[in-house]
1. Is it true that some residue in region 9-20 is over 25 Å from D132 (Cβ atoms), acidic (D, E) and either part of a loop (DSSP other than H, G, I, E, B) or modelled with pLDDT under 90 (or both)?
2. Which count do you get for residues in region 114-153 that are within 21 Å of M202 (Cβ to Cβ) and either among the acidic types (D, E) or more than 14 Å from the chain's Cα centre (by Cα) (or both)?
3. Quick one: how many residues across region 55-95 are farther than 25 Å from L18 by Cα and of a type in the set (A, V, I, L, M)?
4. Going through region 186-222 one residue at a time, which ones are among the hydrophobic types (A, V, I, L, M, F, W, C) and free of Cβ contacts under 8 Å to residues at least 40 places away in the same chain?
5. Would you check if A69 is modelled with pLDDT under 90 and assigned to a helix (DSSP H, G or I)?
6. Looking at region 28-43, which of the residues that are free of Cβ contacts under 8 Å to residues at least 60 places away in the same chain and outside any loop (DSSP other than H, G, I, E, B) is surrounded by the fewest Cβ atoms within 10 Å (Cβ to Cβ)?
7. Which of the residues that make up region 177-222 are of a type in the set (S, T, N, Q) and more than 15 Å from R237 (Cβ to Cβ)?
8. So which residues in region 212-221 are over 19 Å from R138 (Cβ atoms) and either modelled with pLDDT under 95 or buried (at least 19 other Cβ atoms within 10 Å of the Cβ) (or both)?
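The values are calculated or read from the model by the stated rules, or taken from the named source; none is laboratory data. Quick caveat, the model's predicted, so the values are computed rather than measured. Don't worry about glycine lacking a Cβ; one is built from the backbone with ideal geometry, like all the others, and counts go over all protein chains shown.
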Amino acid sequence: MDRPSSDPAMEFDTIFRLALFVGGIAAFGWLERMYPRRPRTQARHRWPVHAGLALVGAVATALVPLGVAGAALWAQAEGIGLLQQFALPSWLTVLIAWLLLDAAIYGQHRLMHRFGWLWRWHRVHHTDTELDASSALRFHPGELLLSAAYKMAVVVLLGAPPLAVLLFEALLAFAALFNHANWALRPKADRWLRHLLVTPDMHRVHHSTVRDETDSNFGNVLSVWDRLFRSYRDAPRDGQLAMRIGQDEDREPQAQRLRALLMQPLRRDARM
């Protein structure tokens with residue numbers, strides 16, 4: 001499969017996602033400063049490291065032939081995929097595809113915690129000892145490449161329309177900023193939003209040092225998958241302010257440096 005040359009939809013996708021992500025970083029960064037949920041002690045040291053990981057990851061994923069949006073365009077042109085076998089209204093096809101993509105990413109997240117060789121790459125995200133919007137950038141390039149391959153396979157299997165893929169990728173990136181943000185939502189707003197979306201307090205439980213809390217709340221955009229597949233946890237046992245975030249074996253400053261994070265998957269982990 002060859003990458004389509006200068007497709008307008010793909011160019012728009014890149015610009016739109018970049019604008020949404022930069023705007024989200026700025027907005028949530030301001031909200032975290034004005035209304036922090038937990039004390040901020042390491043933000044100045046973490047943000048440059050996370051930006052470095054994001055840069056390396058962007059270079060790595062740019063080398064992937066076709067890309068996720070390109071896979072959708074190719075599948076559509078070839079008439080491949082489950083959804084292309086049904087004569088559904090365009091809006092319904094986009095909606096179904098979007099829901100199935102969100103469910104697929106929930107499944108991918110659970111697999112990352114289930115299998116040791118996948119956890120090696122994903123645990124870089126979990127060794128963050130604080131959470132804020134910049135944590136949405138903290139993914140090892142190896143995980144990003146695995147995720148891109150997985151999403152491309154799902155997109156082709158579903159025959160997901162390019163519009164659904166563009167919307168999904170944009171909302172996934174924005175949701176990552178939102179649910180990692182160290183932003184004190186009002187309790188009532190959090191309770192209402194949780195009926196549909198993954199909120200910061202809900203996702204923070206997933207970053208607990210306690211194993212059974214880490215293995216809960218896998219959702220990315222919609223909270224329904226955790227409820228449906230019984231992985232939902234309402235709150236950490238120690239409370240939102242007292243809970244410890246990260247992995248106990250990687251809390252030292254030297255373990256939080258960019259080079260150490262890039263090399264971390266090559267180490268043996270006691271969990272495996």
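1. So far as region 9-20 goes, yes, one or more of its residues are over 25 Å from D132 (Cβ atoms), acidic (D, E) and either part of a loop (DSSP other than H, G, I, E, B) or modelled with pLDDT under 90 (or both).
2. Summing the residues that are within 21 Å of M202 (Cβ to Cβ) and either among the acidic types (D, E) or more than 14 Å from the chain's Cα centre (by Cα) (or both) in region 114-153 gives 6.
3. 7
4. A189, W192, L193, L196, L197, V198, M202, V205, V210
5. Yes; evaluated as a whole, the condition is true for this residue.
6. Among those that are free of Cβ contacts under 8 Å to residues at least 60 places away in the same chain and outside any loop (DSSP other than H, G, I, E, B), it is M34.
7. The answer is N179, N182, T199, N220.
8. Matches in region 212-221: S216 only.
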